Structure formats: structure tokens, C-alpha cells
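This report refers to the structure that appears directly beneath it.
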Amino acid sequence: MEFSSRARQRHARLAGDRREQYPHSLQFYLEPPTESISLVEFESLAIDRLKLLKVVENLGVSYIRSTDTYKTKLEHELRKLKFPYRALAEDDYEARRKDHISHFILRLAYCQSEDLRRWFLQQEMDLFRYRFNELTESLMQKFLEHANLSFEAISEDLKNELCNELCASTPGFSLSKVKEQMFYKVGLADAVDLFRARRVFIKDGFAYVPFKEIDVIVLNNYRTKLSKALALTARSLPSVQSDERLQPLLKHLSHCYVGPDYSAQNNTGKISLEQIDALSVKSFPLCMRHLHRALRDSHHLRHGGRMQYGLFLKGIGLTLEQALEFWKKEFIRGKVDADKFDKGYAYSIRHNYGKEGKRTDYTPYSCMKIIMSNPPSQGDYHGCPFRHSDPEILKQKLQSYKIPPSGITQILDLVKGMHYQLACQKYFELTHDVDDIGFSLNHPNQYFTESQKLLSGGRELKKELSNSGNFQHKNNSQESMNSNSTPTSSNAAADTELEGLEAYFTED
């Protein structure tokens with residue numbers, strides 16, 4: 001909408017001192033909004049931020065975050081949805097307001113379970129990282145002051161004294177670059193990520209962090225604050241859910257975060273136990289192929305492995321009866337007799353299918369849950385091989401699966417850069433002989449479904465040589481989204497927008 005000069009001045013006066021709420025285009029979202037808004041605007045803001053976070057997620061598993069392609073596509077989306085981006089100067093009050101209010105709306109929707117909180121935290125972290133790194137150096141300094149993160153800059157004398165140590169401990173820094181760069185003295189607890197990656201000089205309990213790495217410190221601080229805030233929001237959720245206007249909307253929004261959860265399958269019972277060995281080679285992601293091989297070799301899996309693999313098998317169509325037969329046959333080939341299995345293991349299998357205990361129908365683990373929670377210990381086989389395996393062991397495994405050397409190098413490079421889902425996508429491409437998988441990989445059961453579609457001719461993947469090494473993606477991970485859970489609303493136009501989320505997520 002275009003405003004005349006007089007209208008713009010009046011618009012600014014109406015905003016009044018509210019502009020003081022947003023002295024910077026970036027924030028930690030510490031103070032909730034206090035103004036009143038209509039239900040229509042509430043819905044609209046929530047939908048736009050959800051669209052943005054879905055783009056952040058899909059770009060994150062399709063491109064390396066530091067690449068120009070990633071940055072260009074994300075800035076395009078920020079512009080389109082009218083959120084703050086680098087080109088905006090000081091006069092971006094409406095974008096800042098939208099950013100502030102929409103964050104808190106989705107915080108309400110995504111505090112309801114561990115999986116939702118994990119997803120929301122990851123996407124907000126990625127969005128914040130991009131926006132912080134796009135700031136100029138002066139605006140970064142301004143934000144650090146605004147967020148009370150004014151770290152102590154070391155003196156030139158101390159920097160000269162520690163010059164050799166700083167150069168040796170900071171990857172990519174020469175002596176001349178050390179002298180040019182400003183270093184900050186930061187408590188070790190705030191720099192744990194840099195310390196773990198061996199990218200920082202440590203002395204007397206302090207980390208000496210170059211300005212170019214300060215984003216790691218800021219992100220760690222933001223993660224801590226947002227994690228606590230989500231936990232506190234979850235405690236107060238019952239009072240919000242009692243509002244019949246908001247409860248259905250929040251429920252619908254929370255169902256839109258990763259597409260299908262693979263809890264209810266139309267193909268239940270269509271896979272026979274005799275097919276599993278062949279399917280594990282052709283259509284299982286590496287994590288599930290690894291678990292299946294371990295089960296066949298040792299005739300046993302620990303609890304973490306049974307949960308991860310058992311729920312995956314449930315998701316691809318194994319019935320409860322098939323699951324009980326499958327696990328029992330394998331376990332009794334080892335050290336567990338039939339009676340011990342019935343007493344010690346059958347209950348947990350029935351529990352996963354919602355037939356025991358609280359009758360919860362458990363859903364298969366997503367990639368994010370596998371990567372970020374419950375890392376395997378000695379003797380365990382669960383987890384993500386790209387995230388949790390030693391690179392040399394991973395290399396040997398890929399060689400045993402006949403992955404070509406060039407492909408192994410590409411996968412290991414992605415793993416080294418901590419792009420674990422991209423590494424899995426590359427594994428899919430190499431094992432299915434395609435150069436562009438055409439989707440963003442978020443779930444082991446999605447991997448299986450897409451593999452079966454491809455092998456059966458149910459979908460076409462355009463095979464084309466790519467010199468850039470980037471993956472062109474189509475945002476179709478939402479194609480099975482349940483659109484029947486549209487909330488009741490007094491506004492038909494807003495309802496239509498909600499129903500259109502699926503169409504948006506499946507756009508090219």
C-alpha cells in the first residue's frame with residue numbers, strides 16, 4: 001500500500017513511542033508484545049512466520065548455510081514476507097513489529113512438546129544466525145550493546161604478547177590478520193562450541209575470541225535464553241488453550257512443522273517380513289540400514305536402537321503382529337529365549353503401537369530428533385551415522401556399500417562441515433543413481449517413501465549434471481500434510497489462508 005507524505009507522517013505519529021520497543025532490527029525476544037491485535041492479524045502473522053521458518057528449514061537441508069545461494073534465497077523470502085532484512089535501514093518499524101509479534105505467536109504453538117520445541121529452536125537459531133551475520137560491523141556492535149553482551153576487548157599490548165598463540169589457535173588466521181582483528185576476552189562457558197571445535201585460544205579460564213567468531217557466542221547466548229523461554233511458555237499454556245478462539249489455531253500451526261509424522265500409514269500390513277532384508281539395501285537410509293545389519297549380526301539391539309528402528313518399521317507399514325514376530329524371531333536366535341522375550345521385550349513393542357501404558361501412538365523419529373538427542377554409547381547402534389560415527393569408520397562402511405570414492409569424498413566433506421542431512425541426501429543420490437533428489441530430506445521414513453516411489457516409477461527425478469554442487473530442491477516434504485485439521489475461525493479469508501499452507505509448502 002502506498003502512503004502520501006502526510007499519511008506517512010500520521011502513520012508514524014500513531015505508532016508513537018512504540019518505535020522505542022525496537023531500537024535494533026534484531027532482538028532476543030525477551031519481552032512479549034503488549035499491544036492488542038485482531039484475530040485476523042494474529043492468524044496472518046503466524047502464517048507468514050511459519051512460511052518463513054519452513055523456508056529456513058528446507059534451505060538448511062538443501063544448501064550449505066554459508067553459500068551465496070542460501071543467503072540469496074533466504075533474503076528473497078524475507079523481502080517477500082516483509083520481515084527485517086539487511087537492506088532495511090532504520091525506518092523498518094512495521095517489519096520489526098511483525099518479527100516480534102509473530103515470534104511470540106509461534107512460540108505458543110511450538111512449546112507444546114519436545115519435538116516441537118526442538119524444531120522451533122533450530123529454525124529460529126538458523127534465522128537469527130543469518131540475520132546477525134548480515135549486519136555490518138557497526139550494527140553488530142550496536143546489537144551487542146543492546147543485548148547487554150558487551151564483551152571486553154583485549155588491549156593491543158596483550159594481543160601482541162599472545163600473537164603467536166592466537167594465530168596457532170584460530171584457524172585461517174595469519175600473524176598479520178591477528179594484528180588487524182579485534183579479540184574479545186570471553187568466559188569459557190560462553191565459548192564452549194568454539195572450544196569443542198578447537199577454534200579458539202584458551203588461557204586461565206577465558207577464551208580469546210576474534211570478532212569474526214563472535215556470532216558463535218551470541219548464538220549460544222540466544223539458544224540458552226530461547227530454550228528457557230519455551231519451557232516457561234509451556235507451563236503457562238493451559239491458560240491460553242482455554243481460549244476457544246486460539247486453541248484450534250495453535251493446534252493447526254503446530255501440525256505444520258515437518259510434514260507427515262508417519263504415524264498413520266495407508267500401507268500398513270502391505271510389507272511382508274521376508275521383504276525387509278532386500279528393502280534395507282535398496283530403500284533404507286543409512287541409519288536404519290546400519291541398525292538392521294546390527295540386529296541381523298548380533299540378534300539384539302539395546303533400547304535406543306529398538307526404539308529408533310522399531311518405530312521406523314512401524315512407519316513403513318509393519319503391523320503390531322508383524323513387529324512382535326520380527327523381533328521375537330531375531331532375539332531368540334541370540335541369547336534371549338521365547339519366554340524372556342515375552343516377559344521383557346513384547347510389552348515395549350505393544351507400548352510403541354499404543355496398546356499399553358498411556359495408549360500413546362508413538363511416531364517414528366525425525367532426522368532432527370535422531371541427530372540432536374540421545375547420542376549412542378559403546379555397544380549402541382542407534383543415532384545418525386553421519387553425525388555420530390567416526391569418519392574413518394563411516395568411510396569403511398560406505399566403501400562396503402560400493403559407494404564410489406568420489407562420492408565418499410563428497411559425503412565426508414559434508415560431514416566435516418556438520419551438514420549431516422545434506423550428507424544423507426548425497427547418499428540417496430549415489431545409491432539411486434540420480435544427481436538431483438528433488439526434495440528436502442527431513443525424516444528416515446520420507447527417505448524410504450521417496451526411494452520406493454523412485455524405484456517403482458511413481459515419481460520422476462530429472463537427472464542432470466550440476467557443476468555447482470548445490471542441490472536444487474522442491475519444497476514437497478509437506479505433500480501428505482493433514483489439511484483436515486483447519487481451525488474454526490470467524491474469518492473465512494483467514495481460514496482459506498490456513499488451508500492454503502499445504503499448497504505454499506509444495507511450491508517449487
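Brief remarks on what is shown
- Kirkwood hydrodynamic radius (C-alpha pairs) into Stokes-Einstein, the range 274-456, 4 °C and 1.567 mPa s, D in µm²/s: 76 µm²/s
- Between amide H atoms placed 1.01 Å from N, distances below 5 Å from Phe183 occur with Ile154, all of them 5 or more places distant or on a separate chain.
- Distant-in-sequence amide contacts of Phe206, defined by a placed amide H-H separation under 5 Å and a gap of 5 or more residues or a different chain, comprise nothing.
- Extension gain from Lys177 to Leu158, taking 0.36 nm per residue of separation minus the Cα-Cα distance: 5.3 nm
- Listed peptides 365-373, 350-358, 23-31 appear in the order 365-373, 23-31, 350-358 once ranked by packing, highest mean of other Cβ atoms within 10 Å at the front.
- Using only Cα coordinates, the Kirkwood hydrodynamic radius of the range 151-220 works out to 11.8 Å.
- Largest-first principal axis extents, alpha carbons of the range 18-114, Å: 39, 37, 24
- Highest to lowest packing among 50-61, 201-212, 375-386, scored as the average C-beta count within 10 Å: 50-61, 375-386, 201-212
- For the range 340-436, Kirkwood radius (reciprocal of mean inverse C-alpha pair distance, Å): 15.7 Å
- Filter on Lys314/Lys426; Lys402/Lys426; Lys179/Lys212 - keep pairs with C-alpha separation over 18 Å: Lys314/Lys426
- Cross-link pairs Lys328/Lys358; Lys270/Lys340; Lys98/Lys177; Lys185/Lys228; Lys343/Lys416; Lys251/Lys329 - those with Cα-Cα distance over 32 Å: Lys98/Lys177; Lys343/Lys416; Lys251/Lys329
- 1.4 Å probe accessible area per residue over the range 288-390, in Å²: 48 Å²
- Debye log10 I(q)/I(0) at q = 0.08, 0.12, 0.13, 0.16 Å⁻¹ for the range 133-288, Cα point scatterers: -0.50, -0.77, -0.81, -0.93
The values are calculated or read from the model by the stated rules, or taken from the named source; none is laboratory data. Note that the structure is predicted; figures quoted are calculated from it, not measured. Virtual Cβ from ideal backbone geometry, glycine too; neighbours counted across all protein chains shown. Keep in mind that these areas ignore ligands, DNA and RNA; they rest on the heavy atoms of the full protein, side chains included. Shrake-Rupley method; radii C 1.70, N 1.55, O 1.52, S 1.80 Å.
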